[in-house]
Every structure is written in structure tokens, then in C-alpha cells.
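**Q** Here you go, one structure.
The values are calculated or read from the model by the stated rules, or taken from the named source; none is laboratory data. Remember, it's a predicted structure, so these values are computed and weren't measured experimentally. Cβ sites come from the backbone with ideal geometry, for glycine too, and all protein chains shown count toward neighbours.
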Ligand SMILES: O=C(O)CCC(=O)C(=O)O
Ligand SMILES: [Fe+2]
């Protein structure tokens, strides 16, 4: 009997799914309970965002290390001098968007060991994993640097972070992305804090230009807080009216089936993978088979990891030099 097309295209869809989703074995809800984060999850679900206080996030010395690293990178990229109580300039740094009073430092992970330490922060990871069930991937690790005058005008720059699908309808039952801002300076209305439209994540669509600005509330949060938010929630920032800097470390996470903003998947070194827990490799998409060349996806390389998520297999490590 002649072979049909169906005979030829035989592949094990379940095995492929597993290969694409090397999940952790953790009980993500137990982790949330153990760290006492339940109330923050409830608030994110209700309002779309929450401020997790510094004592739940990390010691002041750690925040100081992150802040110093961000300031060092800012100086290197702009060629300018930075001090917390002084306004700044983007100098020779040509990242987009070029705006007065602020810029974004992109692709921070490889700039300092403290950034990779941050990616193993228990509180941030527990929040991410609650929403992503171990299938989140680091999309970008950036810093918003703002000083007197920085802001987005009357619209407050309100937007949703979830990429817009053709239908325009954002997912209601799951998060395609979650985001968080680790505050490296105090956030207040005068200091140009991030602003949210409470409950707007439930609308499951992006705002029209300017829509919602009258309902936005600026967040009050001391340095060291983690502002965690749902990917659908409408947010922007109020203008910074005080002298000195407003700084964040922003960890933007997407579901692993989506495209990441920054390319970490293959750029992370083997050494960096080996000195961090397997969850770090998963978060960076170290086994992400997408973007393949002539040999195709090579899912088999990753199947081993699906069987034993606690060990990053050699077949994955050898993709990294
Ligand atoms: O702080 C800001 O200026 C806006 C931040 C933002 O939109 C984000 O982190 O996604
Ligand atoms: Fe955003």
C-alpha cells in the first residue's frame, strides 16, 4: 500500500511539548505560602500590581550593590558622571527612545555578577513562577534612569506590556508576560513614580492613546521595594519633578513560547550556567530550540532535561561556550 502523507509525518507531539517545556518540579504554590507572598498575589489579581516591601525582597546591602552597578553602567555607556542627588544626561548613549529626562539601560545581565544573583531572588522568582508555572523566560533586564523633567506628558505613557495579538484581545486566564521594577531609589508622586490604572488588567486590551490617564495612581514605594505587575495592566509614569535620579532594575518575563526582547538564550556562557541553579538556565531559555539553522530544532538535545529538570544536561551545556 502506498504511503500517505499521514504515515510520513509521524512525530510524538507530547515528547516535543516536554522538550520545549523543561519545567521545574517545584510546588510553586507552596513556595508562595512559605515566603508569605499570598497577600501580594491576591493584590496583583485584584488591582493588577502590588508593592512588595523591602524586607521581603533583599537586604539594603544587596540593593546598594545593584544601584552601584547600574550607576557604573550608566557612566560607561553615557560617558557622563552620575550621582543620586544630581540630574543626569544620556550623553553619548544612543539607545531608543531618546527622551529628555530619561533613558533606558538595556541588556544588563552580563554587566555585573549582581544581576545574575538578582535572577535567583526567591521573592521575585516565586511571584514569576506562580504566574508562569516554571515556563517563564527572561525577556529583558533593564534599568529606567530618570531625573528632573523625565516623563511621558499628559498621557503618562500608559500602555500594557503584553504583546498585542491580532485580535487585540489580551489573555484573561493566564499571563503572557509579567513585569517587576526593583526600586533602587524611593518612588513617590513627586519623584516620577510608575503609575497604574487599578483593575485595568481585567479589560484585556491595550489603552487608546491617553485613555485612563485620569484614573492612574502613582505608586509610593521606598527603595528596595519590588513593584510586581500583571502584563495586561495599564501603566506609565508621572513626571519627575524633583532633582536627582529615579532608578529601577526591571525584570520583564515572558512565557517561553513568545519572542524575548533581549537575546540571552545562546549568549549566556557555560560558566555562568554552571555557577547558577538549573532554574537560572531555564529562566534564560538556555535550551530554547527556536532560531535553529540547517540541523533543525534538535529537540532530542532537550528531552533529557525534561526527564531530570534538576540537572542541566551536557547536551544543553555544550551549546554554550
Ligand atoms: O517607569 C517607567 O517610566 C515605565 C516603566 C514601564 O513601562 C515598564 O517597566 O514596563
Ligand atoms: Fe511597561
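Yes or no, residue by residue, for (1) assigned to a strand (DSSP E or B); (2) within 16 Å of ligand 2 (Cβ to nearest atom); (3) within 19 Å of residue 70 (Cβ to Cβ):
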site	(1), (2), (3)
211	no, yes, no
233	no, yes, no
236	yes, yes, no
243	no, no, yes
249	yes, yes, yes
257	no, no, no
260	no, yes, no
276	no, no, no
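**Q** Follow-up question, since we're still on this one. Within segment 136-151, how many residues turn out to be under 26 Å from residue 260 (Cβ atoms) and either more than 11 Å from ligand 2 (Cβ to nearest atom) or not assigned by TED's automatic domain parsing to the domain that holds residue 77 (or both)?
**A** Going through segment 136-151, the residues under 26 Å from residue 260 (Cβ atoms) turn out to be 136-146.
Filter again for either more than 11 Å from ligand 2 (Cβ to nearest atom) or not assigned by TED's automatic domain parsing to the domain that holds residue 77 (or both), leaving 136-139, 141, 143, 145-146.
The qualifying residues number 8.
**Q** Still on this structure, please answer the following. Say whether the condition of being touching a helix residue (DSSP H, G or I) at 6+ places or on another chain (Cβ under 8 Å), away from ligand 2 (no atom under 16 Å from the Cβ), farther than 30 Å from residue 289 by Cα and in a loop (DSSP other than H, G, I, E, B) is met by at least one residue in segment 155-168.
**A** No - not one qualifying residue is present in segment 155-168.
**Q** Continuing with the same structure: I'm checking my understanding of the structure. Among residues of segment 174-184 that are in a loop (DSSP other than H, G, I, E, B) and more than 15 Å from residue 199 (Cα to Cα), which one is modelled with the lowest pLDDT? Walk me through how you get there before you give the answer.
**A** To start, the set of residues in segment 174-184 that are in a loop (DSSP other than H, G, I, E, B) comprises 174-176, 184.
Restricting the remaining residues to those that are more than 15 Å from residue 199 (Cα to Cα) gives 174, 176, 184.
Values: 174: 88, 176: 96, 184: 98.
Among them, the one singled out is 174.
**Q** Is there a residue being in a loop (DSSP other than H, G, I, E, B), in contact with a strand residue (DSSP E or B) (Cβ under 7 Å, 6 or more places away or on another chain) and touching a residue at least 40 places away in the same chain (Cβ under 8 Å) anywhere in segment 264-271?
**A** Quick first cut of segment 264-271, residues in a loop (DSSP other than H, G, I, E, B) only: 264-269.
Retained after the next criterion (residues that are in contact with a strand residue (DSSP E or B) (Cβ under 7 Å, 6 or more places away or on another chain)): 264.
Among the residues that remain, those that are also touching a residue at least 40 places away in the same chain (Cβ under 8 Å) are: 264.
For segment 264-271, residues in a loop (DSSP other than H, G, I, E, B), in contact with a strand residue (DSSP E or B) (Cβ under 7 Å, 6 or more places away or on another chain) and touching a residue at least 40 places away in the same chain (Cβ under 8 Å): present.
**Q** Which one of 82, 103 is touching a residue at least 12 places away in the same chain (Cβ under 8 Å) and not in a strand (DSSP E or B)? Write out each step before concluding.
**A** Details: 103 fails: not in a strand (DSSP E or B).
Among 82, 103, only 82 is touching a residue at least 12 places away in the same chain (Cβ under 8 Å) and not in a strand (DSSP E or B).
**Q** Kindly indicate which of 55, 43 is within 14 Å of residue 131 (Cα to Cα) and either at pLDDT 60 or above or in a loop (DSSP other than H, G, I, E, B) (or both). Don't jump to the end; show me each part of the working.
**A** Working: 55 fails: within 14 Å of residue 131 (Cα to Cα).
43 is the lone residue from the list that is within 14 Å of residue 131 (Cα to Cα) and either at pLDDT 60 or above or in a loop (DSSP other than H, G, I, E, B) (or both).
**Q** Another question, then. Return the residues of segment 219-237 that are crowded, with 22+ Cβ neighbours inside 10 Å, within 9 Å of ligand 1 (Cβ to nearest atom) and over 11 Å from residue 179 (Cβ atoms); say none if nothing qualifies.
**A** The one that is crowded, with 22+ Cβ neighbours inside 10 Å, within 9 Å of ligand 1 (Cβ to nearest atom) and over 11 Å from residue 179 (Cβ atoms): 237.
**Q** If I ask for residues that are without any contact (Cβ under 8 Å) to a residue 60 or more places away in the chain and in a loop (DSSP other than H, G, I, E, B), which ones from segment 278-300 would you list?
**A** Narrowing segment 278-300 to residues without any contact (Cβ under 8 Å) to a residue 60 or more places away in the chain: 281, 286, 290-298.
Correct list: 286, 290, 291, 292, 293, 294, 295, 296, 297, 298.
**Q** Confirm whether residue 175 is touching a residue at least 24 places away in the same chain (Cβ under 8 Å) and either within 11 Å of ligand 1 (Cβ to nearest atom) or within 29 Å of residue 75 (Cβ to Cβ) (or both).
**A** On the way: touching a residue at least 24 places away in the same chain (Cβ under 8 Å): yes; either within 11 Å of ligand 1 (Cβ to nearest atom) or within 29 Å of residue 75 (Cβ to Cβ) (or both): no.
Taking the combined requirement at face value, the residue does not satisfy it.
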